[in-house]
Amino acid sequence: MGCITPRNIPRITSRPDPRRTRPQGGVSPALARHIVGLGTARTIVILGLLIVIGRAAFVIDRESLVVLSQQRVERQSHLFAGQGIATSLPVRPAGAAYPARARVNDALYLARGAQSAGTPGDRSAALDRARAELTMARSVRPVWGEIEIVAAFVHVLRDGEDTVATRRALEQSYAQTPYLRTAAAWRVQYGLRYWLALNPETRRRVINEAVWLTRIDDQSRTMVFDLARGSAAYKPFILRWLASRGGDADFGANNRITP
């Protein structure tokens, strides 16, 4: 057995075994790329969630403004005219940040408040503010019957019921939104009272909404029939009402209801 000399020591090459190659830290390149990919994907998901959450918070915030404006109108409805209904509004977001629906509610709030204003100047100022709110709402939602029916109400308070401006606003409200649950009673009352001054299409829509209101709201039924009986609209109204009742189970040949 010979001695180990420099000549017979096995040469150690500088090329490592590729199967054992590891980058610094002991992670393979493929695994490193996978980890980076996971990190990128996770970041994208997180960013997407943040965008969704932010958008949802924005929507919820806008809806809360609408709800608050509606609550002001509802609280106002429980007050009597002699109690001095307030016409002041809280600080609100400016411009488009304030929803159009909230502006319409605020316009109605201001118009109602104007009815019990202390002085003619206060009344006029409240109505001017109501009109300004409607103008801003219309710039966002140009076709919406609720805007026009509140505009008609403001015209009544400023100029009186039997005016061209009031009738045109009513006609616009019907053209844009044929059925309005919250304003149906007011529209029907005005429409039946000034029936002959309305255009033919609005007359037809007044009849349709009047019949619809009698079928969905028992409390309004008597009011609608009383107004219709004293109106030139009575004949078309009763014919439309009878036609709508024709298929009802409680309106058979042996169970007629006298209009």
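How far, in nm, would the chain grow between ARG141 and GLN189 when pulled straight, counting 0.36 nm per residue and subtracting the alpha carbon separation?
Computed gain between ARG141 and GLN189 is 14.7 nm.
Between ALA94 and ARG229, what length comes free when the chain is fully extended (0.36 nm per residue of separation minus the Cα-Cα distance, one decimal in nm)?
On the way: separation 135, 0.36 × 135 = 48.60 nm, distance 4.76 nm.
This chain segment gains 43.8 nm when fully extended.
Starting from the 7 Å offset along Cα-to-Cβ, what nm value, one decimal, do you get for the label separation of ARG204 and ASP218?
3.3
Tell me the label-point distance for the pair ALA125, LEU196, using the 7 Å Cα-to-Cβ offset, in nm and rounded to one decimal.
In this crude label model, ALA125 to LEU196 measures out at 4.2 nm.
At 1.4 Å probe size, with every protein chain present, just tell me what the per residue accessible area of segment 101-192 comes to in Å². Numbers along the way, then the final one.
Details: 3870 Å² over 92 residues.
Averaged over the residues of segment 101-192, the accessible area is 42 Å².
Which of the GluC sites (Glu not before Pro) found in segment 153-235 are in a DSSP loop and have at most 16 neighbouring Cβ atoms, other than their own, within 10 Å?
GLU161
Would you tally the net charge around LEU157, using a Cβ to Cβ cut-off of less than 12 Å, leaving LEU157 out, and scoring K and R as +1, D and E as -1?
+1
Leaving out ligands, DNA and RNA, what percent of the accessible area of segment 139-259 is carbon and sulfur, probe 1.4 Å?
Answer for segment 139-259 is 51 percent, counting heavy atoms of protein chains only.
How would you classify segment 141-194 from its alpha-carbon gyration tensor, with a ≥ b ≥ c the square roots of the eigenvalues: rounded for a/c under 1.5, else prolate if a/b is greater than b/c, otherwise oblate?
Verdict is oblate for segment 141-194.
Sum up the charges of everything whose Cβ sits under 13 Å from the Cβ of ALA185, counting Lys and Arg as +1 and Asp and Glu as -1, but leave ALA185 out.
0
The values are calculated or read from the model by the stated rules, or taken from the named source; none is laboratory data. Being a predicted model, the structure only gives us computed values, none of them experimental. Note that we place each Cβ from the backbone using ideal geometry, even for glycine, and neighbour counts take in every protein chain shown. Only protein heavy atoms, including side chains, enter the accessible area calculation; ligands, DNA and RNA are left aside. Shrake-Rupley method; radii C 1.70, N 1.55, O 1.52, S 1.80 Å.
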